[in-house]
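*Asks:* Attaching a single structure in structure tokens format; questions to follow.
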Protein chains: 2
Amino acid sequence: MYNMWLQYNPVESKNKDMWQEVAILNDSCIATSIKNELTIAIEKMFQVKPAYSTSNDAKIVIGIIDELGELVDKQQKHKFADISDESFLISYQNDQLLVTGKSDKALLYGVYHLLREVQHGHDITKLNLLDQPKNSLRMLNQWDNLDGSVERGYSGNSIFYENGKIVKDKSRIKDYARFLASVGINAISINNVNVWKEETYFITKKYLPEIKEIADIFRAYGITLYLSINFASPIAIDGLDTADPLDVNVKQWWKDRVQEICHYIPDFGGFVVKADSEHRPGPFTYDRDHADGSNMLAEALAPYGGKVIWRCFVYNCVQDWRDRSTDRARAAYDHFKPLDGKFHENVILQIKNGPMDFQVREPVSPLIGAMKKTNQIIEFQVAQEYTGQQRDLCYLIPQWKEVLQFDTYIKGKGTTIEDIVAGRIHPYKYSGIAAVSNIGNDENWTGNTLAQANLYGYGRLTWNPELSSETIANEWIQQTFTSNENVVNVLGDMLLNSWEIYENYTAPLGVGWMVTPNTHYGPNIDGYEYSRWGTYHFADRDGIGVDRTKETGTGYTSQYEEPNQSTYNNLDSCPDELLLFFHHVPYKYTLKSGKTVIQHIYDTHFLGYEQVEQLVQQWETMKDNIDPLRYTNIRERLALQIRNAREWRDQINTYFYRKSGIPDEKGRTFY
Amino acid sequence: MYNMWLQYNPVESKNKDMWQEVAILNDSCIATSIKNELTIAIEKMFQVKPAYSTSNDAKIVIGIIDELGELVDKQQKHKFADISDESFLISYQNDQLLVTGKSDKALLYGVYHLLREVQHGHDITKLNLLDQPKNSLRMLNQWDNLDGSVERGYSGNSIFYENGKIVKDKSRIKDYARFLASVGINAISINNVNVWKEETYFITKKYLPEIKEIADIFRAYGITLYLSINFASPIAIDGLDTADPLDVNVKQWWKDRVQEICHYIPDFGGFVVKADSEHRPGPFTYDRDHADGSNMLAEALAPYGGKVIWRCFVYNCVQDWRDRSTDRARAAYDHFKPLDGKFHENVILQIKNGPMDFQVREPVSPLIGAMKKTNQIIEFQVAQEYTGQQRDLCYLIPQWKEVLQFDTYIKGKGTTIEDIVAGRIHPYKYSGIAAVSNIGNDENWTGNTLAQANLYGYGRLTWNPELSSETIANEWIQQTFTSNENVVNVLGDMLLNSWEIYENYTAPLGVGWMVTPNTHYGPNIDGYEYSRWGTYHFADRDGIGVDRTKETGTGYTSQYEEPNQSTYNNLDSCPDELLLFFHHVPYKYTLKSGKTVIQHIYDTHFLGYEQVEQLVQQWETMKDNIDPLRYTNIRERLALQIRNAREWRDQINTYFYRKSGIPDEKGRTFY
């Protein structure tokens, strides 16, 4: 369980002997990590203990291009001219396997890639590939608190903190770094974006000596450390009478602070900031805007190459449910779009994939790509907050791929999210992908062992968004469990269907939010209906959905470029799966599928439950192929999922039957 | 704020001088309390410091009958023959005022009564009254936890515990004892009926020495101390392998325990027990019934005169909402009625006033009086859990009076709850009233200062259920604030209307439970609809209500005697205010009031909100007559109430409009 996808199961290979000597020409801290990983991996896969040398004659030679000297010819060197420092070359030539690149990080990624190839039984003497990450920033956000809890954590407690202290034994952090590096993650923020009282002091001497130790661990795996900060820190820590970003003393305070941080962590990544959001402090308090707020921090960080990652999750969280004109979906775009061009070049806006909050189905946020002069990254949530909380199986790669492949039309047809966040559309200095992590101190890291696939897939997808959901699933299954074809097929099928299954038995047709308030697990159809969170479905006896059209609704659709704007705005062209996100329709409205809305609700909910029954059956056939610990863990989770699916099915169906009075065409049971 | 109704405001009196010497012939610890109270009261009211003597010639003489000797004639002595030890005589004769009775407790009650007469400006030379409590057990249950929290507490933290310890400074407990004694409370359980891990040890040496101190304080005010216990204590404390009530070792264990408790507290009251209820342990675990469980404890307590107060709040709290045949309302009767006659004579069953759980409107529990051979007390809730949580004003005396005046017909017409719990119907050895307290360590004890009236009224009503709600309100206002006629009228009006107002804007027509789960404040119409708590309203697009009839429903109505059974069972005769508790009806069903159910819902909710607006206006006219602290406290609470009433009004109306589609006759606003 613990080793996730770095199981390094024994493999058969005719090239086994090549591993007896490995030359590592580099001597950075990352090179040490490489050696460490190779030792673990080679011993496990081949029962061979590799010897390390710096000999150019070894069968396997790992080194930065300049270190390789004559081993790399001019033509190969030329290939590297225009690619990033993280790109690597794996090349078998003259009876030698070379792993090289322009930096030690490149070597690390090259080695992990090589080990992946080996695990899949590929012949390494056939390798000749140059691989580069499509996104420069590939980040994880930990929502961990100093008391050891994890906000929206479903895998036990924090691996970073316990009982108000940073953990003494940091070996688990090191293993986490290994997992992340193996899939190409290069940045991490280690504390919750909601920065509470004591965590505010993370940027002071009180905690920096120990945070430095964590930074050292991650650095050896090519991962840059960031900290979430409290915008009101100058007041909280040093009793300044303001945190106004234009105040001279406040500016100086942050400069002093950054100087101190960089004394401990010279390559400090920068700050992650949740400001003016859900009662967190921010520049609005001082009648300043978010450019003022982020630029002030950016100025302090600039001399050290640090960045400000500023979250766009800003909306009115004390909305009156009676007010139908305010639309939370509009908020990020309305707040940030007018500020385009005002942000410093080391400010990056972090935008959630959808306009609401990580629902099982949302349209893509119209803000992504809409700001041409402002660095942007997209934010996903690996933690399954609204998607089953790692009790229910929900493999999220297909969801993320759908988002990344969405065509925004911002610079004409073919302007995908994938291209925008990779920085290929606008001249962003920094861009990429961030996500909320899903790990904790459970033995298997992710509560449900199958949820490891989301962390794995997140990293792989972030490195290369062109990988298919199937490829990622297959990779993960084979590295995690076995190459047994039956297992790969059955488990692959389970993973690949799971998002659709989860959608089937939960909130229908993109409407979202029919979930238990606060905990966000299990159904509560009206749970958010009369609340202050801006999250409504407006179901009445006649129909359901949120009218976000230009003509009669909130006008949210106008935030999209054409033709998306018209596609969503017009009932006739709006895709079924987002219908209730954009329109309020009668229960008898006929979908493009040919079904009425109400019959669709009934059918998908009965189907979703049956599909979970099938997941259980599928998993039971795996019993002889999976070790008992992991088999049992997943079976227990599926037992929870089936209970949850039953609850969703019956509550949703009963609710809508009671409200609409329309019987099920197939006469199935309501309550 | 702190002094509640023992303000002892200055009064004019021609008999002021009588108080210069007071003879107290008794010398018990209660006599000391009497002196203490007289000193406080007389100084405040008359600016006179009374001298105490034991002289039969004093103008005011306080003593037990036997101590008074010749001062009491034979005729007077004769009057006492058949009345309880707690009854007192106040008699002005031969230029002397006598306060007497058969015990020191009687003197205490007599003195408090006398002081009340004085505060109301009555002429004490006209006094000649013999007063006796109608109920022998007049109890409060504290739901206080050792960590300082109070379950369902709305007045700050516990006055008994803080941070896992019993409070060192017990002066506030003494003042609480004064307040309770002043209204005749004679029993208290000092810890939560949900007995958690550490509180389980209250019955051991670890806590008994300090609990003894609390018992000493209460004893001096005539109040007997009880403890809530964990039925699984033998396992939890001493590692026995069972808590089976028929096990010899378990029986002996409890006997030893009681012996130790009574070593510290010789007049220990006994145990309060919540067993097999909401996941608390109990005899069901061992296939024993509640007679087995309670009798075992009763045997241990009997030698010391102790009692077992066994709560009947036993129901299936993991019900499937799909299951319409199980009816939580039936549970207490179904569980306990068959056991009548099996309980020991020192077991008392404590039965909540209604069959559910302290809703703003419920029918009276059919179990009360239904067991002819088993001691019973009724349980009220002074804490406003479901009735506004001491933010909203809700004077509960009218509710309790309605319950007490309910005619059960159990022994023919006129068999009221009042008579049953007073022990006048069945030959109960013990009977009376218990209630959950509403106090905490807020400066004013009850959060909302006006909630003090519920504690005052509970005590007064328990002593004498014949007192009217108006009388109690007037007494409380005058003692707490002023005799100013305008204040008495306006505030009296506010108090007396407040229960109806609260009912108007919350769940309609007896259906209950449309409240935020867990916290129980504010509306959440479907909050308990799909839950495991057995608390449903079954609203659909056509109608609402729970069918509890014999013919088509759960048959709960059959638990009542005739004619109540038929009254409730028949739609035509069922009272409007309980209609939805007993019947499922269409929204257009016409009430006895002439309105349809739906129009009743709309009208009461608009009205309820307007009535709260009026409460605010009424209170604002009090500004010049009330000290600023208390004025402001109440104004702030009313501001919270109006927000709450608006939320209830709009959510309830909108919910039912959306569901029924029936417009308001008056065209008012829904959302």
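The values are calculated or read from the model by the stated rules, or taken from the named source; none is laboratory data. These numbers come from a predicted model, not from an experiment. Every residue, glycine among them, receives a Cβ derived from its backbone with ideal geometry; neighbour counts consider all protein chains shown.
*Asks:* For B:I425, indicate whether it is in contact with a helix residue (DSSP H, G or I) (Cβ under 7 Å, 6 or more places away or on another chain), within 20 Å of B:E385 (Cα to Cα), at pLDDT 95 or above and assigned by the TED database to the domain that holds B:F380. Steps first, please.
*Replies:* Details: in contact with a helix residue (DSSP H, G or I) (Cβ under 7 Å, 6 or more places away or on another chain): yes; within 20 Å of B:E385 (Cα to Cα): no; at pLDDT 95 or above: yes; assigned by the TED database to the domain that holds B:F380: yes.
Judged against the criteria, B:I425 is not a match.
*Asks:* Could you tell me whether segment A:566-574 includes any residue that is under 25 Å from A:T654 (Cβ atoms) and either away from chain B (no Cβ under 14 Å) or crowded, with 18+ Cβ neighbours inside 10 Å (or both)?
*Replies:* no
*Asks:* Sticking with this one: Scan segment B:325-335 residue by residue and report those that are buried (at least 22 other Cβ atoms within 10 Å of the Cβ) and within 17 Å of B:Q376 (Cα to Cα). Lay out the reasoning, then the answer.
*Replies:* Taking segment B:325-335 as the starting set, the residues that turn out to be buried (at least 22 other Cβ atoms within 10 Å of the Cβ) are B:327, B:329, B:331-333.
Correct list: B:A331, B:A332, B:Y333.
*Asks:* Can you pull out every residue in segment A:634-671 that is within 12 Å of chain B (Cβ to nearest Cβ) and among the basic types (K, R)?
*Replies:* Across segment A:634-671, the qualifying residues are A:R643, A:R646, A:R649, A:R658, A:K659.
*Asks:* State the number of residues belonging to segment A:480-511 that are more than 19 Å from A:T654 (Cβ to Cβ) and either hydroxyl-bearing (S, T, Y) or touching a Lys or Arg at 6+ places or on another chain (Cβ under 7 Å) (or both).
*Replies:* 7
*Asks:* Can I ask one more? Could you grab me the full set of residues in segment B:58-98 that are farther than 17 Å from B:A23 by Cα and not small (G, A, S)?
*Replies:* Listed by number, the residues that qualify are B:D73, B:K74, B:Q75, B:Q76, B:K77, B:H78, B:K79, B:F80, B:D82, B:I83, B:D85, B:E86.
*Asks:* Of the numbered conditions (1) part of a helix (DSSP H, G or I); (2) within 14 Å of chain A (Cβ to nearest Cβ); (3) of a type in the set (K, R), B:K255 satisfies every one except a single condition; which is it?
*Replies:* Result: B:K255 passes all but (2).
*Asks:* May I ask you to list the residues in segment B:256-280 that are modelled with pLDDT of 95 or more, surrounded by fewer than 16 Cβ atoms within 10 Å (Cβ to Cβ) and out of contact with any strand residue (DSSP E or B) (no Cβ under 8 Å at 6 or more places or on another chain)?
*Replies:* B:D256, B:Q259, B:E260, B:H263, B:P266
*Asks:* Sort through A:R643, A:R658 and tell me the only one that's in a helix (DSSP H, G or I) and exposed (fewer than 15 other Cβ atoms within 10 Å of the Cβ).
*Replies:* Within the list A:R643, A:R658, the selection yields A:R643.
*Asks:* Within segment A:1-9, is there a residue that is closer than 29 Å to A:A453 by Cα, surrounded by 15 or more Cβ atoms within 10 Å (Cβ to Cβ) and at pLDDT below 95?
*Replies:* Yes, there is a match, as at least one residue in segment A:1-9 is closer than 29 Å to A:A453 by Cα, surrounded by 15 or more Cβ atoms within 10 Å (Cβ to Cβ) and at pLDDT below 95.
*Asks:* So which residues in segment B:194-209 are in a loop (DSSP other than H, G, I, E, B) and surrounded by fewer than 16 Cβ atoms within 10 Å (Cβ to Cβ)?
*Replies:* Initially, segment B:194-209 is screened for residues in a loop (DSSP other than H, G, I, E, B), giving B:194-197, B:204-207.
Answer for segment B:194-209, where residues must be in a loop (DSSP other than H, G, I, E, B) and surrounded by fewer than 16 Cβ atoms within 10 Å (Cβ to Cβ): B:W196, B:K197, B:T204, B:K205, B:K206.
*Asks:* When segment B:258-294 is examined, which residues are found to be under 25 Å from B:D357 (Cβ atoms), assigned to a helix (DSSP H, G or I) and of a type in the set (S, T, Y)?
*Replies:* Hits for segment B:258-294 are B:T285, B:S294.
*Asks:* Right, something else. Taking the options B:Y502, B:Y568, name whichever one is in a helix (DSSP H, G or I), of a type outside the set (S, T, N, Q) and touching a Gly at 6+ places or on another chain (Cβ under 8 Å).
*Replies:* Sole residue among the options that is in a helix (DSSP H, G or I), of a type outside the set (S, T, N, Q) and touching a Gly at 6+ places or on another chain (Cβ under 8 Å): B:Y502.
*Asks:* Can we say A:N504 is over 20 Å from the mean Cα position of the chain (by Cα), outside the structural domain of A:L450 (by the TED database) and without any contact (Cβ under 8 Å) to a residue 60 or more places away in the chain?
*Replies:* Taking the combined requirement at face value, the residue does not satisfy it.
*Asks:* Among the residues that make up segment A:495-510, is at least one of them surrounded by fewer than 23 Cβ atoms within 10 Å (Cβ to Cβ), over 29 Å from A:R328 (Cα atoms) and of a type outside the set (D, E, K, R)?
*Replies:* So far as segment A:495-510 goes, yes, one or more of its residues are surrounded by fewer than 23 Cβ atoms within 10 Å (Cβ to Cβ), over 29 Å from A:R328 (Cα atoms) and of a type outside the set (D, E, K, R).
*Asks:* So, one more: Quick test of your reading of the structure: A:D624 fulfils all but one of (1) over 29 Å from the mean Cα position of the chain (by Cα); (2) within 14 Å of chain B (Cβ to nearest Cβ); (3) part of a helix (DSSP H, G or I). Name the failing condition by number.
*Replies:* Answer for A:D624: the failing condition is (2).
*Asks:* Are any residues in segment B:174-193 surrounded by 19 or more Cβ atoms within 10 Å (Cβ to Cβ) and closer than 13 Å to B:E213 by Cβ, and if so, which ones?
*Replies:* Residues satisfying the conditions are B:A177, B:I190.
*Asks:* Can you name the strands (runs of 3 or more DSSP E) wholly within segment A:59-171 that have at least 3 residues being free of Cβ contacts under 8 Å to residues at least 40 places away in the same chain?
*Replies:* A:88-93, A:96-101
*Asks:* Kindly indicate which of A:Y631, A:Y602 is crowded, with 17+ Cβ neighbours inside 10 Å, under 33 Å from the mean Cα position of the chain (by Cα), away from chain B (no Cβ under 13 Å) and free of Cβ contacts under 8 Å to residues at least 24 places away in the same chain.
*Replies:* Details: A:Y602 fails: free of Cβ contacts under 8 Å to residues at least 24 places away in the same chain.
Just a single option satisfies the conditions, and that option is A:Y631.
*Asks:* Cβ contacts < 6 Å: first residue within 16 Å of B:T326 (Cβ to Cβ), restricted to segment B:542-555; second residue basic (K, R) and outside any loop (DSSP other than H, G, I, E, B), any location; separation 6+ or different chain. Result?
*Replies:* No pair meets every condition.
*Asks:* Could I ask something else about it? Taking B:S531, is it among the polar types (S, T, N, Q), outside any helix (DSSP H, G or I), free of Cβ contacts under 8 Å to residues at least 24 places away in the same chain and over 17 Å from B:Y333 (Cβ atoms)? Break it down into steps so the answer makes sense when it comes.
*Replies:* Working: among the polar types (S, T, N, Q): yes; outside any helix (DSSP H, G or I): yes; free of Cβ contacts under 8 Å to residues at least 24 places away in the same chain: no; over 17 Å from B:Y333 (Cβ atoms): yes.
Spelling it out, it is not the case that B:S531 is among the polar types (S, T, N, Q), outside any helix (DSSP H, G or I), free of Cβ contacts under 8 Å to residues at least 24 places away in the same chain and over 17 Å from B:Y333 (Cβ atoms).
*Asks:* Restricting to segment B:531-549, count the residues that are at the interface with chain A (Cβ under 9 Å from one of its Cβ atoms) and buried (at least 22 other Cβ atoms within 10 Å of the Cβ).
*Replies:* 1
*Asks:* Out of the residues in segment B:336-355 meeting the condition of being surrounded by fewer than 18 Cβ atoms within 10 Å (Cβ to Cβ) and either out of contact with any Ser or Thr (no Cβ under 6 Å at 6 or more places or on another chain) or not charged (D, E, K, R) (or both), tell me which one is nearest to B:G432 (Cα to Cα). Outline the logic, then answer.
*Replies:* Narrowing segment B:336-355 to residues surrounded by fewer than 18 Cβ atoms within 10 Å (Cβ to Cβ): B:337-342, B:345.
From what's left, either out of contact with any Ser or Thr (no Cβ under 6 Å at 6 or more places or on another chain) or not charged (D, E, K, R) (or both): B:337-339, B:341-342, B:345.
Working: B:K337: 19, B:P338: 22, B:L339: 20, B:G341: 19, B:K342: 20, B:E345: 15 Å.
The selected residue is B:E345.
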